[in-house]
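The values are calculated or read from the model by the stated rules, or taken from the named source; none is laboratory data. All values reported here derive from a predicted model rather than from experimental measurement. Virtual Cβ from ideal backbone geometry, glycine too; neighbours counted across all protein chains shown.
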């Protein structure tokens, strides 16, 4: 991968804080539009455009990925990917080896995160311990860093059973299903999202989008080492401690999933995220004008 495909988040702390303060004052409590925030940051800080990194205006799949997982693009103190969807294991590995990361053994489970994300997570664990609380990874080592093949395997765990179901219901023809099974992963994701627009959902319970359950391969926040699935996600005190350390829930309905953003919760509306409640849990998701 070219060096240009990696965005090094090395903004001077004072300047970044001043920008956030100005945005917060302008937006007050109401969230600003997420896409505009990212476009502005890419243009002013990295001299590039959103369309080059994630072609949301020309590629419906990229637009959907950006809406669901794009919160990482406003994270602070991290190394961001130069694209929102990696298309191969080799391409993703080339990005991952360049990232400054740390590995930790948590209760016998080894996890890997970006350095700043790991430091914040370990600090949250220490704070939790003073309150007799645990914060631990859920689902083994893939609770944090994931390879391209990890995300393919998880995708197939939803894609294959759902496809079989909808063929059985005669909503998808056998010919369409066969073509989808052998298509490359990018085309497969595109086709699934098209079917979901017709109400043929591919989540585990077939009631919502597959993207609320597993990420499209090569587009997971776990691929970028900025996500962690937490065992104690249902504990409000644990969620509060994580939020105080820059970890937030940003993928709607993915209950155990937390994203490292590295900013204060009060700054999120100014960065284009809006608060949405799902049950007892609060998610900070990209704010889009067409979804108001």
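The conditions are (1) under 23 Å from residue 31 (Cβ atoms); (2) assigned by TED's automatic domain parsing to the domain that holds residue 98; (3) touching a strand residue (DSSP E or B) at 6+ places or on another chain (Cβ under 7 Å), and residue 236 fails exactly one of them. Which is it?
(3)
Using the structure shown, decide if residue 149 is modelled with pLDDT of 95 or more, surrounded by fewer than 17 Cβ atoms within 10 Å (Cβ to Cβ) and assigned to a helix (DSSP H, G or I).
The answer is yes for residue 149.
For the range 33-47, indicate whether the set of residues that are in contact with a strand residue (DSSP E or B) (Cβ under 7 Å, 6 or more places away or on another chain) and modelled with pLDDT of 95 or more is non-empty.
yes
What strands (runs of 3 or more DSSP E), lying completely within the range 55-126, carry at least 3 residues that are crowded, with 20+ Cβ neighbours inside 10 Å?
79-81, 109-114
Output yes when any residue across the range 168-175 is under 28 Å from the mean Cα position of the chain (by Cα) and modelled with pLDDT of 95 or more, and no when none is.
no
Quick check on this structure: which one of 213, 220 is surrounded by fewer than 24 Cβ atoms within 10 Å (Cβ to Cβ) and over 29 Å from residue 130 (Cβ atoms)?
None of the other options fit; the residue is 213.
Can you pull out every residue in the range 50-73 that is out of contact with any strand residue (DSSP E or B) (no Cβ under 7 Å at 6 or more places or on another chain) and touching a residue at least 12 places away in the same chain (Cβ under 8 Å)?
50, 53, 54, 56, 60, 61, 62, 64, 65, 66, 68, 69 - these are the residues of the range 50-73 that are out of contact with any strand residue (DSSP E or B) (no Cβ under 7 Å at 6 or more places or on another chain) and touching a residue at least 12 places away in the same chain (Cβ under 8 Å).
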